[in-house]
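So the structure is just underneath, and the comments pick up after that.
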Ligand code: ASP
C-alpha cells in the first residue's frame, strides 16, 4: 500500500454537526469557516497530499437533504474527477445512508473512493469524534495499491468502521458508533492499522465515469404495522404519479394476509406500480414464499428486495426511474445487484457480489 506526494483529495463539506464549533461568547453551535480549517485542525498539515475544499452554500443540516443536493455532490465529483485521487464528503449523519446510497447509483463506473463521514459531536468540542473520522476518511480516500485506489466505491466511514454506503443505516442517535451494515461485512476496520477486507470491496472496472443526475421523485415507502387500515394503504397506493414503492414488511418479508390488502397491492401492480419488499429487520433477507404470509405477495408480483436496505431500494428506484426506464426494466434491475447493494437470492450474505 502506498501514498504518494502527488495524491490529491477533494473534501466536499455539505453541512452537519462535524463542521460546527461553539461560539465562545454565545455558547451556540455555528458552522465554522473552512477557509480557517488548518487553524481548527492543524494536524491536517501533516498529510503529504494536496487537500482542496468545496463547501456547500448554504450548508445543510442533513435532515434537509434532497435530490438536488445529491445532484450537486455528483456534479462536483464529475467536474473534479480527473484532478483528484479521491473524495471525502462531510455530511450530517441523519441521512448519510440515503446520500451514500443515492451517490452509489448515480456514479456509474466509479473507480475512485468517495468516502462519506461526519460526527456525533462537533469538531470544536473537546471529545469530538469528528477529528478522527475526518482524518481517517482522508487516509482511506488516498489509499492505493499499485496506483489503483484500494476502495473504489461509495462508503461511509464512522467510528473505526468502513461500510459500503448502500449497505448502511444509521441506527444510533447518540453513540459514536452510529452506523450498521446488517447484511454486508465491514470493508475496513481501523485500529492501530487500517485493515482492509479486500475480498468484500468492489473491484475497479477502469471504465469512464458516467454520472446520472436525473432522479425521480415519484417513489415512496410504506411501513407496515399491525392494525394498518384499508383507507391508509389505499391512500398511499393512489398517490398521484407514484411509480415505485418500498414496502417495509415484517421479518423475512411477511405481511397481513387480509384479502383487501393483497387486492389493493395487486391492483396497483396491474396499473404499473413497482413494489419492492424490504424487511423492517436490520439483518437477514426477504424470502417471499417461506411463510404463507408472504406467498400471496409473490403471486401478485411484488419484487423481493432480498437483503437491501430501505435507503438503497428507495434511491435505486429514484435513479432508475430518473433515467426514464420502463416498469419491466426497473423491476429487472431491482431484482439484481447493481452496486453491491443486495445479495442475489440463494447466495450467502457477504459473498462477493
Ligand atoms: N442533524 C445533524 C445532521 O444530520 C446530525 C449530524 O450531523 O450528525 O445534519
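Miscellaneous remarks
- Ranking of 96, 43, 60 by count of other Cβ atoms within 10 Å, fewest first: 43, 60, 96
- By DSSP, the beta bridges lying fully in the chain are antiparallel in about 40 percent of cases.
- Helix content alone sets the calculated 222 nm mean residue ellipticity of the chain: runs of n ≥ 4 DSSP H residues at -39500 (n - 2.57) each, divided across all residues, give -8000 deg cm²/dmol.
- Simple spin-label estimate for residue 145 and residue 290 in nanometres, 7 Å along Cα-Cβ: 3.3
- Order by protection proxy (mean Cβ within 10 Å, highest first), peptides 338-345, 9-16: 9-16, 338-345
- By other beta-carbon atoms within 10 Å, ranking 65, 106 with the fewest at the front produces 65, 106.
- Using 0.36 nm per residue and subtracting the Cα-Cα separation, the extra length available between residue 298 and residue 329 on full extension is 9.3 nm.
- Mean projected area of the convex hull spanned by the Cα atoms of the stretch 45-84, taken over all viewing directions: 3.9 nm².
- Using the Cβ-Cβ distance between residue 30 and residue 336 with R0 = 45 Å, the FRET efficiency computed as 1/(1 + (r/R0)^6) comes to roughly 0.50.
- Reducing the stretch 269-345 and the stretch 173-228 to their Cα centroids gives an inter-centroid distance of 16 Å.
- Annotation: the antiparallel percentage among DSSP beta bridges lying fully within the stretch 1-153 is about 30.
- Of all DSSP beta bridges in the stretch 1-88, antiparallel share, percent nearest 5: 25
- Sorting 313-320, 203-210, 44-51 by their mean Cβ neighbour count within 10 Å, with the most densely packed peptide first, gives 313-320, 44-51, 203-210.
- Here the gap between residue 174 and residue 109, fully extended at 0.36 nm per residue and compared with their Cα-Cα distance, gives a gain of 19.9 nm.
- Relative intensity, log₁₀ I(q)/I(0), of the stretch 1-159 from a Debye sum that treats every alpha carbon as a point, q = 0.11, 0.12, 0.13 Å⁻¹: -0.40, -0.47, -0.56
- Only Cα pairs under 8 Å and 6+ residues apart enter the sum, and on that basis the relative contact order of the stretch 19-146 stands at 25 percent.
- You can think of it this way: the chain between residue 199 and residue 259 has 17.1 nm of extra reach, that is 0.36 nm per residue less the Cα-Cα gap.
- Descending semi-axes in Å of the stretch 205-292, equivalent ellipsoid built from Cα gyration tensor: 27, 19, 11
- Based on every Cα atom in the stretch 160-311, Rg and the maximum pairwise Cα distance Dmax equal 18.4, 57 Å.
- The stretch 47-66 versus the stretch 120-142: alpha-carbon centroid distance in Å: 14
- Contact order relative to length of the stretch 220-353, as percent, for alpha carbon pairs under 8 angstrom and 6 or more apart: 22
- Least to most buried among 99, 8 (fewest other Cβ within 10 Å first): 8, 99
- Mean sequence separation of contacting Cα pairs (under 8 Å, at least six apart), scaled by the length of the chain, corresponds to a relative contact order of 15 percent.
- If you run the Gaussian network model on the chain, springs between alpha carbon atoms under 10 Å, then out of 189, 311, 153 the most flexible one is 189.
- Size of the chain from its Cα atoms: along the principal axes, largest to smallest, the extents are 64, 50, 35 Å.
- To the nearest ten degrees, helix 259-270 and the longest principal axis of the Cα atoms of the chain are 70 degrees apart.
- Cβ-derived FRET efficiency at R0 30 Å, residue 213 paired with residue 39, nearest 0.05: 0.30
- Per-pair calculated FRET efficiency, R0 = 45 Å: residue 267 and residue 126 via Cβ, rounded to 0.05: 0.20
The numbers here are math on the coordinates, done by the rules we state, and not lab data. What you see is a predicted model; the values in this text were computed from it and never measured. Neighbour counts run over all protein chains shown; Cβ positions are idealised from the backbone, glycine included.
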